[in-house]
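Okay, so here's the structure we're looking at.
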Amino acid sequence: MARRLGILNSGGDCAGLNTVIASVVTTGTALGYEFIGFEKGWEGILDPVMYRSLTVESVRGIAHLGGTILRTANKGRFAGKIGHNNVSRIPDEILDMACRNLAELEIEGLIVIGGDGTLSAAMQLAERGINIIGVPKTIDNDLPSTDRTFGFSTAVQVAVDAIDRIQTTAESHERVIFVECMGRFAGWIALHAGLAGNADCILIPEIPCTTDQLITFLRKRRDQGFRSSVVVVAEGVQIAGEHSGRDTGAPELTLGGISEQLMRQVNTLAPGEFETRHVVLGHTQRGGSPNAEDRILAKKYGTAAMQAYHQGHFGNMVSLRGNEIALAPISDAGGDLKGVTRDCPEYQTAQALGIVIE
Ligand code: F6P
């Protein structure tokens, strides 16, 4: 009889989820496994269970598609984290329910695809003896113990395409345009997209600057004869120690709006000096097909995760170290998030180009 595995993705979606799913199923089927895909994240594993059978036939043709055929959810009964860097215990009765459902479905283990919250939850199930291999996913690229999460490269590409377009209209109208990227509390997307998109200024949460410093920077550019400025802003940037976002009742603020806030501050503190606009790229960065880099990374992760499972390396997640696929304890994913540091090559490049403010 074939060994049966569950595949589950949870948390925010990103490009490349279907690529991982297809790769796990294709690799695992050849190794003698069969698969069930749980739907709507961790909710699918709880009563009433929601799942579908995944076969080589059913995953054919999905690897290049955006979103996830399993759908997803980022809130629910199986929350492994409450807010930023704050691991929460899942109630025993919920863990019991998940274990019972896995046993009833005769599932011997799980491939879990997710970010810090999802993998923190997976860890708690692993502590109950469930065989788990993790796959690190998030556009934010902020997970520790891996150089890259899949979905990041596509998000950066989407932002670069947008910035390219913003550049021309900013120049035609001689405007300062603020472009807001996702990334949660990390500036990776803004930094990479800003560099690739020839931003005139990049603002990230890890390197705070004041609005006065920003205005000084913009005036200097204007005095040097530049007629427009494109300022790429990470959504996690703070003004006077405050994030911009909405309280949706979740433990963590839903970030967004810093570009508009900054624009308004510049208009107030330097009235009439700059004609300003702002653009929030938002979920465009999460949607659509994965680019080539993410397709390849997601395939590497999917196949490596299946092989790691087959070899019995439970409790680990696949990760990228340089150009090598490695394993790291899933528990690492629940640790401190990985932010941009001053010594990383991309930051140093931006610094040398004079497009960051310190
Ligand atoms: O963590 C991925 C991410 O896209 C962040 O960059 C962003 O802050 C958040 O998710 C948005 O979440 P939601 O889809 O719940 O609005």
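Tabulated data
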| item | result |
| --- | --- |
| Highest-MSF residue in the chain out of Val179, Val237, Val59 [GNM, Cα springs under 10 Å] | Val59 |
| P(r) histogram, all alpha-carbon pairs of the chain included - 20 Å bins from 0, percent | 31, 51, 17, 1 |
| Among beta bridges that DSSP assigns inside the chain, antiparallel share in %, nearest 5 | 30 percent |
| Under 5 Å, built H, 5+ apart or other chain: amide partners of Glu180 | Val233, Val279, Val280, Leu281 |
| Choice from Leu281, Leu262, Leu105 showing the highest fluctuation, given a GNM over the chain with Cα pairs closer than 10 Å | Leu105 |
| Least to most buried among Arg246, Arg52 (fewest other Cβ within 10 Å first) | Arg246, Arg52 |
| Proxy reagent accessibility, fewest Cβ within 10 Å first, across Ile111, Ile258 | Ile258, Ile111 |
| Dipole of the chain, positive end: most advanced residue of Ser10, Pro48, Ser289 [Cβ charges, Cα centre] | Ser289 |
| Solution diffusion estimate, µm²/s, Stokes-Einstein, the range 86-172, Kirkwood Rh from C-alpha pairs, 37 °C, viscosity 0.692 mPa s | 211 µm²/s |
| Two-site FRET efficiency, Arg165 against Asp343, from Cβ-Cβ distance with R₀ of 41 Å, rounded to 0.05 | 0.80 |
| Charge dipole magnitude, Cβ of K and R +1, D and E -1 - the range 229-322, Cα centre, debye nearest 20 | 540 debye |
| Max mean-square fluctuation residue, GNM over the chain, Cα-Cα springs under 10 Å, options Asp13, Asp142, Asp164 | Asp164 |
| For the range 174-233, alpha-carbon Rg relative to the globular expectation (2.2 N^0.38 Å, N residues) | 1.11 |
| Note, ³J(HN,Hα) from phi for the range 259-267, Karplus 6.51, -1.76, 1.60, rounded to Hz, x at Gly and Pro | 5, 5, 4, 4, 4, 5, 5, 4, 4 |
| Exposure proxy ranking, count of Cβ atoms within 10 Å, fewest first, for Glu39, Glu346 | Glu346, Glu39 |
| Radius 14 Å from Cβ of Ala196, net charge of other residues (Lys, Arg +1; Asp, Glu -1) | -4 |
| Relative contact order [Cα under 8 Å, 6+ residues apart], the chain, whole percent | 22 percent |
| Mean-position separation - Cα centroids, the range 221-246 and the range 85-147, in angstrom | 37 Å |
| Nearest-0.05 FRET efficiency for Glu108 and Leu353, computed from C-beta distance (R0 35 Å) | 0.10 |
| Rough spin-label spacing in nm, given labels placed 7 Å along Cα→Cβ, for His283 and Arg222 | 3.7 nm |
| Degrees between helix 116-126 axis and first principal axis of the chain (Cα, 0 to 90, nearest 10) | 20 degrees |
| Glu34/Ala73 FRET efficiency (R0 30 Å; Cβ-Cβ; nearest 0.05) | 0.75 |
| Length added when fully stretched, Gln307-Thr248, from 0.36 nm per residue minus Cα-Cα | 17.3 nm |
| Cα-projected label distance for Asn323 with Arg128, points at 7 Å along beta-carbon direction, nm | 4.2 nm |
| For the range 292-335, convex hull volume per residue from C-alpha positions, Å³ | 69 Å³ |
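None of the figures in this text is laboratory data; all of them are computed from the coordinates on show. The structure presented is a predicted model; accordingly, all values stated were derived computationally and were not measured. Note that each Cβ is placed from the backbone with ideal geometry, even for glycine, and that neighbours are counted across all protein chains shown.
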